[in-house]
Amino acid sequence: MTGSNEFKLNQPPEDGISSVKFSPNTSQFLLVSSWDTSVRLYDVPANSMRLKYQHTGAVLDCAFYDPTHAWSGGLDHQLKMHDLNTDQENLVGTHDAPIRCVEYCPEVNVMVTGSWDQTVKLWDPRTPCNAGTFSQPEKVYTLSVSGDRLIVGTAGRRVLVWDLRNMGYVQQRRESSLKYQTRCIRAFPNKQGYVLSSIEGRVAVEYLDPSPEVQKKKYAFKCHRLKENNIEQIYPVNAISFHNIHNTFATGGSDGFVNIWDPFNKKRLCQFHRYPTSIASLAFSNDGTTLAIASSYMYEMDDTEHPEDGIFIRQVTDAETKPKQGASGLW
């Protein structure tokens, strides 16, 4: 099923894939966290697993701090830092419930974790140690860093915008413009706004500037919906990843499809072939040449027979990812 521009990674995780993240400075290395309690480091061009380390429960997210240090957290409530050169690990700290999100903010040099314990914690990666705990209104489902700002999506369809340099108060409290549970939030590389997806086949493009003229530009659209036997099936949009150079973005849904969108011209640029099962996570490499696609059943229909989990590595072109000049029109 894979063409010459795509291949499947060897030695994939043995259970659901929760997150895929490329190294900050190269498309050579990919970090993958899994429900099989492992975090794996892959050498992508060599198609080999370089290293694997374990948690005591499912790992829900992972992130690079720098090219040689991985951070990860999950159901065991533990935040780990792993040195990828020496294979040494450090238990940095804990939350009081599972850790759902792990991100790095280079502009403030801080690691950020979000948990089902209704907090966000900041961590100084140099020591490493806790640098503050901040209450959120509900369980944290997703978060994204935009420059020195942090966008947090919680249960109850709430969105909070924080300033990582001044966490004394919440900069903005928002409600999702989508009617259903938030699944993923990712910030635009240009720092102007963010994209939010829901469990009900819909994506919203939002702007951070609260002024009315900027807020007028926000919009939402339907996607990851399929007509089957004349009935529209509506799927969760689980994953979003931005192309760092073009500010276009990919979405992945439980329909097994990956779409690439041009938010400026409100157009879909392309759709890839259907993957074997739900798209659980997506990651563009920093240079935008490569997209990692986690095809991994998310138990939407409970514990039925399902295709094996896999990670597909796709080389992408400007034709698939670059906004069309002079393009106009809505989806």
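The values are calculated or read from the model by the stated rules, or taken from the named source; none is laboratory data. All figures in this text were calculated on a predicted structure; none of them were measured in a lab. Positions of Cβ are generated from backbone atoms using ideal geometry, with glycine treated the same way; all protein chains shown enter the neighbour counts. Note: accessible area is taken over every heavy atom of the protein model, side chains too, but ligands, DNA and RNA are not part of it. Shrake-Rupley method; radii C 1.70, N 1.55, O 1.52, S 1.80 Å.
Some points to look at:
- Rg ratio (alpha-carbon, reference 2.2 N^0.38 Å) - the chain: 0.93
- The modelled label-to-label distance between K266 and R165, using points 7 Å beyond Cα along the C-beta direction, is 3.5 nm.
- In Å², nearest 10: area of L282 left accessible to a 1.4 Å probe: 10 Å²
- Cα-based reach from K227 at 27 Å (exclusive), listing lysines while leaving out same-chain residues under 8 positions away: K179, K266, K267
- Charge tally in the Cβ shell below 13 Å around Q118, where Lys, Arg are +1 and Asp, Glu are -1, Q118 excluded: +1
- Sequence-distant contacts, meaning Cα pairs under 8 Å at least 6 residues apart, place the relative contact order of the chain at 12 percent.
- For the range 176-298, the mean projected area of the C-alpha convex hull, equal to one quarter of the hull surface, is 7.9 nm².
- Accessible-area rank, largest first, for E200, E138, E175: E175, E138, E200, with all protein chains present and a 1.4 angstrom probe.
- When the solvent-accessible area of the chain is split by element, carbon and sulfur atoms take up 45 percent of it, the probe being 1.4 Å.
- Solvent-accessible surface of the range 207-288, taken per residue with a 1.4 Å probe and all protein chains present: 42 Å².
- Above-threshold pairs, the threshold being 30 Å between Cα atoms, out of K8/K217; K216/K322; K139/K191; K121/K222; K191/K222: K8/K217; K121/K222
- With a cut-off of 17 Å on the backbone N, the residues of the range 231-266 near the modelled label site 7 Å out from K179 along Cα-Cβ are 232-237.
- With 0.36 nm allotted per residue and the present C-alpha distance subtracted, the N5-N85 stretch has 25.8 nm of extension available.
- Sorted largest first by accessible area at a 1.4 angstrom probe radius, with every protein chain in place, the residues H273, H82 fall in the order H273, H82.
- Cα convex hull of the range 195-248 - mean projected area over all directions, nm²: 4.9 nm²
- Its Cα gyration tensor gives the range 22-179 an equivalent ellipsoid. The semi-axes, each the square root of 5 times an eigenvalue, are 26, 16, 15 Å from largest down.
- Spin-label model distance (nm) - E232 vs N130, 7 Å beyond Cα toward Cβ: 4.7 nm
- Alpha-carbon Debye profile of the range 89-217, log10 I(q)/I(0) at 0.16 Å⁻¹: -0.76
- Computed over all pairs of different Cα atoms, the Kirkwood value for the hydrodynamic radius of the range 183-222 is 10.5 Å.
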